[in-house]
1. What residues qualify as long-range amide H neighbours of G178, i.e. H under 5 Å apart, gap of 5 or more or another chain, H built at 1.01 Å from N?
2. Work out from phi, with θ = phi - 60° and the Karplus expression 6.51 cos²θ - 1.76 cosθ + 1.60, the ³J(HN,Hα) of each residue of segment 117-133, listed in order in whole Hz, and give x for Gly and Pro.
3. Hey, what did segment 108-216 get for relative contact order, percent, Cα under 8 Å, at least 6 apart?
4. When a/c is below 1.5 the answer is rounded, else prolate if a/b is larger than b/c, else oblate, so apply that to segment 29-80 with a ≥ b ≥ c taken from the square roots of the Cα gyration tensor eigenvalues.
5. Quick one: Karplus J couplings for segment 24-29, per residue in order, coefficients 6.51, -1.76, 1.60, θ = phi - 60°, nearest Hz, x for Gly and Pro?
6. Kindly write out, for segment 6-20 in residue order, the coupling ³J(HN,Hα) from the Karplus curve 6.51 cos²θ - 1.76 cosθ + 1.60 (θ = phi - 60°), rounded to whole Hz, with x marking Gly and Pro.
7. Give the cross-link partners of K289 among the aspartates and glutamates, using a straight C-alpha distance below 14 Å as the criterion and excluding same-chain residues fewer than 8 apart.
8. Where the centre of each part is set by its Cα atoms, how far does segment 1-51 sit from segment 219-269, in angstrom?
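Just so you know, all these numbers are worked out from the coordinates, no wet-lab data involved. None of these values were measured; they are calculated from a predicted model. Cβ sites come from the backbone with ideal geometry, for glycine too, and all protein chains shown count toward neighbours.
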Amino acid sequence: MILTLSDEIRDAQTDSRPIVALESTIITHGMPYPQNLQTARAVEQVVRDHGAAPATIAISNGQIHIGMPDDALDRLAQTPEAMKLSRADLAIALANGKTGATTVAATMICAARAGIEVFATGGIGGVHRGAEQSFDISADLRELSKTAVTVVCAGAKAILDLPKTLEVLETLGVPVIGYQTNVLPAFWSRSSDLAIPLRMESAAEIAAAHRERGEIRLEGGQLIANPIPIEAEIPSDYLNPIIAQAIAEAETQGITAKQVTPFLLARIVELTAGRSLRSNIALVKNNAKLGAEIAVALKGM
Ligand code: PSU
Ligand code: MN
């Protein structure tokens, strides 16, 4: 069996209790040590506090780990050279016994294999600025159109081209649902100037829509856009020049492909003297709470 379940996840499955998947690229490539480890543990605890079991997903020794024991999480958080795995390289990493962290796309695939229907992350990958030249569009978007997992995020990272990201999601037929909002949240900020057509007020509504997709056998998942808590928000006026600077530096240094997002996130943490990291941590916890509420609502249906 290629899936290795933690004791906590095996027990939850046996008892048919709610489970929320969590990704690991945010641990290895999204935040510095030790905040990455502290955040991973704190996010797992938020999921438990709201009535679900946390399944942090990562790859090692030819196994897909669904739920990480504490020591394994600790090791992963100190393995910055872990592979960043998406749909394209997941099977290769397994075949070669590599250690790898799963992106949104790969976490969705692994969660679906384990029968987990809800996944909470920070911000999904999307269409990068300048994609008309670079063609850099995250595999996360296509995965959302293929794999039946409801993904809770704080919108798309403001380093991306948000209008193009929304357009691609629409083209792919992915429902983008604002949680108590009519506009797309921009990760570190609660809002962008982009309207999103779908809005829901409660976890129960989101769960019902998820079930309905299954009933009518629609492939693909739902994207829930949950704004960062007000007290953790960073005003876009302050952040926009910093994002522009980080993107310019990435271009000058020839950063491409998988390295782009980790480079930009790390540089923005430096340029904001840690403020963007505190916001990132707050929004992931906020998404874990909503993810747990959706998972609980699904079990109650
Ligand atoms: N959310 C965060 N930090 C991250 C990511 C999401 O708060 O580091 C990761 C996710 O794993 C997502 C990836 O899938 O960034 C997007 O990478 P790319 O743009 O290369 O597809
Ligand atoms: Mn990319």
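1. Under 5 Å from the amide H of G178: L198, R199, M200, A225.
2. Per residue, the Karplus-derived 3J(HN,Hα) values read 9, 10, 9, 10, 9, x, x, 6, x, x, 8, 6, 4, x, 4, 5, 9 Hz.
3. Values: 157 pairs, mean separation 24.6, N = 109.
The normalised contact order for segment 108-216 reaches 23 percent.
4. On the way: a/c = 2.37, a/b = 1.19, b/c = 1.99.
Taking the square roots of the gyration eigenvalues as a ≥ b ≥ c, segment 29-80 is oblate.
5. 10, 5, 4, 7, 7, 10
6. 3J(HN,Hα) across segment 6-20, in whole Hz: 5, 4, 4, 6, 4, 4, 4, 5, 4, 8, 6, 8, x, 10, 10.
7. Counting by Cα, and skipping residues close in sequence, K289 has these aspartates and glutamates nearby: E44, D49.
8. Cα centres, segment 1-51 to segment 219-269: 24 Å.
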